[in-house]
Amino acid sequence: MSQLLSIMLHTPAHSGIGEALTYTSDTAIAAGSLVRVPFGKREVLGITWPSQQQLHSDDLKLRPITSVLDGIGCLSTHWMQMVEFAARYYQRSVGEVALAALPNQLRELSREQWERKLKRQAKVLPHEPSAVDLPELTHEQAHTLQQIQAERGPFMLFGNTGSGKTEVYLRAAQAALAHDPKAQILVMVPEINLTPQLEARFRERFAPLWGASCLVTMHSGLTPAQRMNHWLAAHTGVARIVLGTRMAVFASMPHLQLIVVDEEHDPSYKQQEGARYSARDLAIYRGHLEQAKVILGSATPSLESWHHSRPASDAEGAGRYMRLHMPSRIGDGVLPTVRRVDMNHQPRNTVFSEPLVQAMRERVQRGEQVLILLNRRGYSPVLHCRDCGWKSECPHCSAYRVFHKIDRSLRCHHCGFAQAVPRACPGCGNLDISPLGSGTEQLEEHLAELLGSLRRPDGQGVRIARIDADSTRLKGELDRQLAEVHAGEVDILVGTQMIAKGHDFRRVSLVAALNPDGALFSSDFRAPERLFSLLMQAAGRAGRDASMSLNAACEMWVQTFHPQHALFEALKQHDYPHFAAQQLQERREANLPPFSFQALVRADAKTQEAAQDFLNAARAASDALAVQLQVDVYPAVPLTIQRVANVERAQMLVECLSRKALQQFLSAWHAPLHQLRSQHKGVIRWAVDVDPLAI
Ligand code: ADP
Ligand code: ZN
Ligand code: ZN
């Protein structure tokens with residue numbers, strides 16, 4: 001007798017199908033199996049899904065599945081639950097999320113190819129463990145580990161760069177692996193290319209104990225074949241440790257017992273297209289489902305995680321996470337002294353202040369390295385007047401309006417209020433008002449002009465290099481450039497946030513941030529948080545080489561027009577908790593996350609008008625529901641970068657004090673949005689971004 005199966009496929013986005021399709025099979029097949037089925041004229045990969053509803057067999061057109069890819073275990077119920085949660089929460093179809101989480105090659109393999117593949121699949125080889133030297137834990141590390149063993153978590157491990165967090169991850173992983181011969185560990189990092197040392201440390205520690213095949217990586221840099229093999233290794237339990245970027249949160253790991261999210265504040269954990277999930281948030285959910293412990297680690301936690309880990313003494317009571325604090329740096333490493341250069345006292349249009357130029361000269365002459373940090377990401381251009389300090393504030397919001405070059409307008413991304421750019425400063429009449437944080441394009445050349453005649457101790461001329469998205473577009477280029485810096489061939493390195501990540505530049509004794517002010521007065525309320533974390537991280541690059549005896553002289557310089565700003569005060573004290581408290585206070589007063597919840601609906605269209613019309617129509621259609629659920633839906637606005645490749649982009653902000661009400665609103669809104677789309681022909685695509693990181 002023929003069985004009915006509920007099967008998830010990757011159906012086209014917004015096709016309206018979304019949920020599982022019904023197929024037939026001659027034999028019973030367990031939920032979570034991989035199957036190949038006919039779909040239209042094609043044959044595609046699907047996953048048998050536990051079905052909630054009663055399946056009906058009265059439709060005679062039901063088609064049988066083509067084949068089952070067997071020989072390995074099913075995807076676990078927990079895995080399917082996580083996928084379903086992610087799909088619902090981020091407003092996508094379950095099939096899309098489920099199939100996107102599998103390696104591409106799996107979709108392309110025929111049954112025969114699959115069988116061949118399985119035969120070649122690595123088996124756990126008997127491995128003779130050899131000894132590894134473990135450093136003796138510091139008191140802080142030992143205490144932290146004890147708490148991780150004793151409590152359920154999730155844990156927010158708050159510790160400076162160099163406080164020994166990675167050693168804690170390694171020990172927690174080792175304990176779990178040793179305790180249960182099947183246990184698996186998931187370690188997530190923001191960008192693997194930028195943190196090669198972490199992978200090396202995990203390999204070095206665990207390969208001697210459990211063999212080289214015990215660790216696999218998962219990230220977008222793998223070839224399709226590698227991705228397939230690594231996925232299989234994790235799915236079959238051969239790999240005990242998966243180290244990967246955000247996509248790894250969906251790895252099939254049947255015996256998952258510990259999840260580590262390193263640098264949990266990093267925006268790269270948020271997927272920016274397709275299902276716009278937060279891998280960090282899903283890690284928490286997955287840990288909860290699977291009873292796996294979760295450790296989030298950071299020197300500058302996201303304000304969300306910080307707030308969730310508030311202690312019982314907080315006015316709001318204890319948060320859901322447990323905060324673990326490791327304040328000391330290992331060894332004698334001291335954090336660099338922070339110095340602020342007041343740019344109000346520098347000649348107009350100064351890029352490098354005289355004292356900074358002097359300091360750079362001294363370092364290079366002593367054979368030390370300098371990092372020059374440009375802050376270009378994460379904020380939109382806000383106009384300001386250098387004479388009176390006027391900034392393009394929105395009269396209706398606690399936000400700054402953004403400068404749109406294309407039509408020379410100032411627009412609020414919160415409420416949509418727009419005006420033409422004033423010809424002169426509304427505060428003082430000055431004609432010279434300009435976007436904050438501009439004028440850094442020719443920086444590298446400018447520096448070469450300033451320091452061209454400078455010599456290093458070995459008599460050679462100063463070497464200046466730049467690392468950013470442009471200079472590292474070619475494959476392998478970033479590694480090559482970083483290797484030059486490590487080898488000491490570069491004296492001054494100019495770069496964007498890319499250079500602030502986990503690199504170990506041992507001879508850096510001076511880090512300078514040139515233009516951080518843009519982020520202080522950004523239209524994006526998360527910009528100060530990002531800036532603080534970037535500067536703290538960059539400061540952590542200095543003074544890592546204890547043997548150089550430059551620790552005492554290590555400095556971080558900040559050139560700013562706002563030297564008294566609370567953010568720089570907190571930076572000077574290396575005081576994240578103080579900074580966080582002050583930011584959270586502002587967010588609480590303005591009802592911003594984590595005290596409220598947001599979603600963005602974005603539309604791309606041939607014209608800006610078409611995109612906005614569609615969004616505003618959707619807004620009108622949901623009016624009654626919005627009132628009922630106390631959800632605020634703001635009018636559509638153009639994106640800061642409004643036009644990309646001849647496509648006009650607009651967005652609309654949705655806000656609510658209750659996450660549940662927001663979720664309810666969004667699910668109910670899906671159908672009208674979908675329907676309106678067909679009436680608005682100019683619209684190319686639309687998408688919802690839940691918990692967006694930039695508005
Ligand atoms: P984080 O991850 O917080 O930046 P790490 O774990 O990388 O810190 O530790 C910083 C440095 O100190 C590394 O070189 C590491 O090998 C070393 N280290 C960590 N823990 C110890 C320890 N208990 N004893 C000696 N050295 C340690
Ligand atoms: Zn002015
Ligand atoms: Zn406004």
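Average accessible surface for the chain: 44 Å² per residue, computed with a 1.4 Å probe over protein heavy atoms with every protein chain in place. Could you compute how fast segment 139-326 diffuses translationally, taking Rh as the Kirkwood radius over C-alpha pairs and applying Stokes-Einstein at 25 °C with viscosity 0.890 mPa s? Give it in µm² per second. In µm²/s, the coefficient rounds to 148.
Just to verify a number: FRET efficiency for Asp180 and Glu19, C-beta to C-beta distance, R0 = 45 Å, to 0.05?
Values: r = 36 Å, r/R0 = 0.80.
The value I calculate is 0.80.
Summing charges over all other residues whose Cβ lies under 9 Å from the Cβ of Glu368, with Lys and Arg as +1 and Asp and Glu as -1, gives +1. Once both labels are positioned 7 Å from their Cα atoms along Cα-to-Cβ, the gap between Thr27 and Arg361 label points is 8.1 nm.
Counting only protein heavy atoms and a 1.4 Å probe, tell me what percentage of the chain's accessible area is made up of carbon and sulfur.
Working: 15430 of 30570 Å².
Here it works out to 50 percent.
Dividing the convex hull volume of the alpha carbon atoms of segment 563-677 by its residue count gives 136 Å³ per residue.
With one equal scatterer per alpha carbon and no solvent term, the Debye-computed log10 I(q)/I(0) for the chain at 0.06, 0.09, 0.10 1/Å reads -0.39, -0.89, -1.09.
Counting every C-alpha pair in segment 381-438, the share spaced more than 12 angstrom apart comes to 61%. Annotation: Thr236 carries an accessible surface of approximately 60 Å², with a 1.4 Å probe and no ligand, DNA or RNA atoms counted.
In this Cβ point-charge picture (+1 for Lys and Arg, -1 for Asp and Glu), segment 344-421 has a dipole of about 180 debye about its Cα centre. Since only Gln419, Gly367, Ile241 are under comparison, the one whose Cα sits farthest along the positive direction of the charge dipole of the chain, derived from C-beta charges on Lys, Arg, Asp and Glu, is Ile241.
Arrange the residues Glu477, Glu112, Glu264 by how much accessible surface each exposes, largest first, with a 1.4 angstrom probe. Numbers along the way, then the final one.
Working: Glu477 40, Glu112 110, Glu264 0 Å².
Of Glu477, Glu112, Glu264, the descending order of accessible area is Glu112, Glu477, Glu264.
About its Cα centre, the dipole of segment 381-438 is roughly 120 debye, where the only charges are +1 on Lys and Arg Cβ and -1 on Asp and Glu Cβ.
Based on the alpha-carbon gyration tensor of segment 3-120 and its eigenvalue square roots a ≥ b ≥ c, which shape applies: rounded if a/c is under 1.5, prolate if not and a/b is larger than b/c, or oblate? Display every interim value, and only then the final one.
Working: a/c = 1.45, a/b = 1.12, b/c = 1.29.
Cα axes put segment 3-120 in the rounded bin.
In a fully extended conformation the segment linking Gln146 and Gln113 would gain 7.1 nm over its present Cα-Cα distance, using 0.36 nm per residue.
Between the residues Cys394, Pro224, Ser2, the greatest Cα displacement towards the positive end of the dipole of the chain, with unit charges on the Cβ of Lys, Arg, Asp and Glu, is found for Ser2.
Here the label points at Arg423 and Phe595, each 7 Å from Cα along the C-beta direction, are separated by 4.2 nm in the simple model. When the charge dipole of segment 140-195 is built from unit charges on Cβ atoms (+1 for Lys and Arg, -1 for Asp and Glu) and taken about the Cα centre, the candidate among Thr161, Gln141, Ala178 whose Cα reaches farthest toward its positive end is Ala178.
Extension gain, Thr223 to Ile641: 0.36 nm times the residue separation minus the Cα-Cα distance gives 147.3 nm. With a simple spin-label model that places each label point 7 Å from the Cα along the Cα-to-Cβ direction, the separation between Thr350 and Gln573 comes to 2.8 nm.
Per DSSP H run of n ≥ 4, the term is -39500 (n - 2.57); total these for the chain, divide by its residue number, and report the mean residue ellipticity at 222 nm rounded to 500 deg cm²/dmol. Working shown, then result.
On the way: 19 runs with 215 residues, N = 695.
Dividing the helical sum by the residues of the chain leaves -9500 deg cm²/dmol.
Between their Cα atoms, which of Lys61/Lys119; Lys182/Lys293; Lys270/Lys293; Lys391/Lys572; Lys61/Lys681 are more than 27 Å away from each other? Listed pairs above 27 Å: Lys61/Lys119; Lys61/Lys681.
Taking the Cα centre of the chain as origin, sum charge times position over the Cβ atoms of Lys and Arg (+1) and Asp and Glu (-1), and report the length of that vector in debye to the nearest 20.
On the way: 75 positive and 71 negative charges, 221 e Å.
Value, rounded to 20: 1060 debye.
Reducing segment 418-433 and segment 207-281 to their Cα centroids gives an inter-centroid distance of 51 Å.
Taking 0.36 nm per intervening residue step and subtracting the Cα-Cα distance, what contour gain separates Val627 from Ile72 on full extension?
On the way: separation 555, 0.36 × 555 = 199.80 nm, distance 5.04 nm.
Stretched out fully, the Val627 to Ile72 stretch lengthens by 194.8 nm.
With r defined as the distance between the Cβ atoms of Glu273 and Arg463 and R0 fixed at 35 Å, what FRET efficiency is calculated, to the nearest 0.05? Please report the intermediate quantities before stating the final value.
Working: r = 38 Å, r/R0 = 1.09.
Given R0 = 35 Å and the Cβ-Cβ separation, E is 0.35.
The values are calculated or read from the model by the stated rules, or taken from the named source; none is laboratory data. Given the structure is predicted, the values throughout are model-derived calculations rather than measurements. Note: ideal-geometry Cβ built from the backbone for every residue, glycine included; neighbour counts use all protein chains shown. To get the accessible areas, we keep the full protein, side chains included, count just its heavy atoms, and leave off ligands, DNA and RNA. Shrake-Rupley method; radii C 1.70, N 1.55, O 1.52, S 1.80 Å.
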